[in-house]
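Here's the structure we're looking at; comments come further down.
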Amino acid sequence: MPGSGRTPAAPGAAPQTTGRAPDRTRDRAATEERILGAVGEVLARDGFGAVGVNAIARQAGVDKVLIYRYFGGLPALLRAWGESGRFWPRVADLLGPDPQALLALPAAERYARFFEHFIDELRRRPLTLEILAAELMERNELTALLEAEREAWGEEAVQVLGGADFAARPHLQGVTLLLVAGVRYLLLRSRRIRTFGGVDLRSEAGWLQLKQAIRVLARETFAAAPP
């Protein structure tokens, strides 16, 4: 092409390149994302009994060798998936865009907002609800891995919500456990039944009512003198 300053390639010559190597780091990151996404899809669709390297590789559209290369095998892959926040919201996800601001709030407000974020994060994870429902019907080494992740989450959450006010009320650990379990149960129930106790579990208004109840509980709990 005149004026282009580029010498035309000879017939049969290899095409010219820019001299830049392919970004293998970016390719690997994208592949890992596809594999992690496929874990949840297989679990939600087929249940724990169908989860295996072959099924996940097919869902992700990758060679199963990459699962072993990038994650080391199925248990490590499930652990990475559990830690990624795709299944269960990480504590950091529940602190909002300004964690330091939330942690600086009075204990009652911090507690209430943490649960508000917890409810919102689980509601936007329909795959998680499918997997939690399947988990109730089947227990194996794979479900045990996810259980261990949630136990670690609970310990971290208590530390984040902690402080003198929390430490002075040891009964709050049980209250918090009941609230976490209650939110999970109501979300699972909402998959099949819309209303529970007169609350519309499929509406924003229904969940706002429950959030407000938690806020009142938190305010009264922390306002009372420690037992």
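Name the residue, out of Leu217, Leu201, Leu210, that is closer than 18 Å to Pro126 by Cα and modelled with pLDDT of 95 or more.
Leu201
As an exercise: evaluate Ala148 against (1) assigned to a helix (DSSP H, G or I); (2) surrounded by fewer than 18 Cβ atoms within 10 Å (Cβ to Cβ); (3) over 20 Å from the mean Cα position of the chain (by Cα) and give the number of the one condition it does not meet.
Among (1) assigned to a helix (DSSP H, G or I); (2) surrounded by fewer than 18 Cβ atoms within 10 Å (Cβ to Cβ); (3) over 20 Å from the mean Cα position of the chain (by Cα), the lone unmet condition for Ala148 is (3).
Considering only the range 179-193, I want to know if a residue exists there that is closer than 30 Å to Trp81 by Cα, in contact with a Ser or Thr (Cβ under 8 Å, 6 or more places away or on another chain) and not basic (Lys, Arg).
no
In the set Arg184, Arg169, which member is surrounded by 13 or more Cβ atoms within 10 Å (Cβ to Cβ) and part of a loop (DSSP other than H, G, I, E, B)?
Just a single option satisfies the conditions, and that option is Arg169.
Quick one: is Ala55 more than 30 Å from Leu217 (Cα to Cα) and surrounded by 13 or more Cβ atoms within 10 Å (Cβ to Cβ)?
Spelling it out, Ala55 is indeed more than 30 Å from Leu217 (Cα to Cα) and surrounded by 13 or more Cβ atoms within 10 Å (Cβ to Cβ).
State whether one or more residues within the range 202-216 are among the hydrophobic types (A, V, I, L, M, F, W, C), assigned to a helix (DSSP H, G or I) and in contact with a Pro (Cβ under 9 Å, 6 or more places away or on another chain).
The answer is no; no qualifying residue exists.
Given (1) crowded, with 18+ Cβ neighbours inside 10 Å; (2) outside any helix (DSSP H, G or I); (3) at pLDDT 90 or above, where does Trp88 come up short, assuming only one miss?
(3)
The values are calculated or read from the model by the stated rules, or taken from the named source; none is laboratory data. For clarity, every value in this text was computed on a predicted model and none was experimentally measured. Backbone-built Cβ (ideal geometry, glycine too); neighbour counts: all protein chains shown.
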